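Notes to accompany the following structure.
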């Protein structure tokens, strides 16, 4: 398995306390039912041409870091859907839930910061809290935008 494939699999396999299910890139369902929440989804950094973080990412880009060999960077979105919007839930209820899940997320990531050795360096991770659409649903959640550096031909 190549470094990128391995990193995606390791990201989907993070054991985040409080998360009911984590979907790998090839297994993301079109709908996530309330019984499956909170859920984590591995997605492209740009969804449907829309920049989740208000800017377009670099996607894949080649960089050279001297003696480290040929490497490339890639951005991936790990989307946490915590609870559905509505049903009497507002930010006053959702924010404490999200705070605990974000803390648990980084605790889990710290336990395998280089995702099974697939990443050349620890990831750069940006977090954005908000209301996210997936399928027909709207959810309070958190988007974790990972910036990875991977080695060329090292997988």
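Only the coordinates and a few stated rules stand behind these numbers; no lab work does. All values derive from a computational prediction rather than experimental measurement. In this analysis, Cβ positions are derived from the backbone assuming ideal geometry, glycine residues included, and neighbour counts consider all displayed protein chains.
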Next on the checklist: I want to check the label-to-label distance for residue 99 and residue 30. Put each point 7 Å from Cα in the C-beta direction and report it in nm to one decimal.
Outcome noted: 3.9
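Using 0.36 nm per residue, how much length does the chain from residue 17 to residue 107 gain when fully extended, once their Cα-Cα distance is taken away? Display every interim value, and only then the final one.
Values: separation 90, 0.36 × 90 = 32.40 nm, distance 0.89 nm.
Stretched out fully, the residue 17 to residue 107 stretch lengthens by 31.5 nm.
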Next on the checklist: For the ranges 76-83, 22-29, what's the packing order if you count other beta-carbon atoms within 10 Å of each residue, average per peptide, and put the highest first?
Outcome noted: 76-83, 22-29
